[in-house]
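FYI, it's all coordinate maths here, none of it is from the lab. Predicted, not measured: the structure shown is a model, and the values here were computed from it. Here the Cβ is made from the backbone with ideal geometry for all residues, glycine too, and neighbour counts use every protein chain on show.
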């Protein structure tokens, strides 16, 4: 069963690769991207699409970083609080006098 899942995963990767490769081959024509102030960039369409995808990926990652830092610091604080609580419980357990149960 594991080998079938592995094979299926690689077939899916190959299908995605060949689909993107065919897209790149079919879109080799030059396209002009017009920026502000009369600036323009002429490149194959596949490069324009790839750079737009990369720019979107970069903006998404940069938008995620502050929240990721906040969650990471909160997890670090929670871990140190849990370690301190565990150390306090251990210290209290070691310091508590041994009292025999009632009735004995």
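Quick one: compute the contact order of segment 11-89, relative version, from alpha carbon pairs under 8 angstrom and 6+ residues apart, as a percent.
This gives 17 percent for segment 11-89.
Restricting to DSSP H runs of at least four residues, report the calculated mean residue ellipticity at 222 nm for the chain, -39500 (n - 2.57) per run over all residues, nearest 500 deg cm²/dmol.
After summing the helix terms and dividing by the residues of the chain, the value is -27000 deg cm²/dmol.
Any idea what angle helix 45-95 forms with the longest principal axis of the chain, computed on alpha-carbon atoms, 0 to 90 degrees, nearest 10?
In the chain, helix 45-95 runs at an angle near 0 degrees to the longest axis.
What angle do you read, to the nearest 10 degrees and between 0 and 90, between the alpha-carbon axis of helix 2-26 and the longest principal axis of the chain?
The angle comes out at about 30 degrees.
What distance in nm lies between label points placed 7 Å from Cα along the C-beta direction at residue 20 and residue 41?
1.9 nm
What's the exposure ranking of 73, 51, going from fewest to most Cβ atoms within 10 Å?
73, 51
What ranking do 31-38, 16-23 get when scored by the average of other Cβ atoms within 10 Å per residue, highest first?
By packing density, highest mean first, the sequence is 16-23, 31-38.
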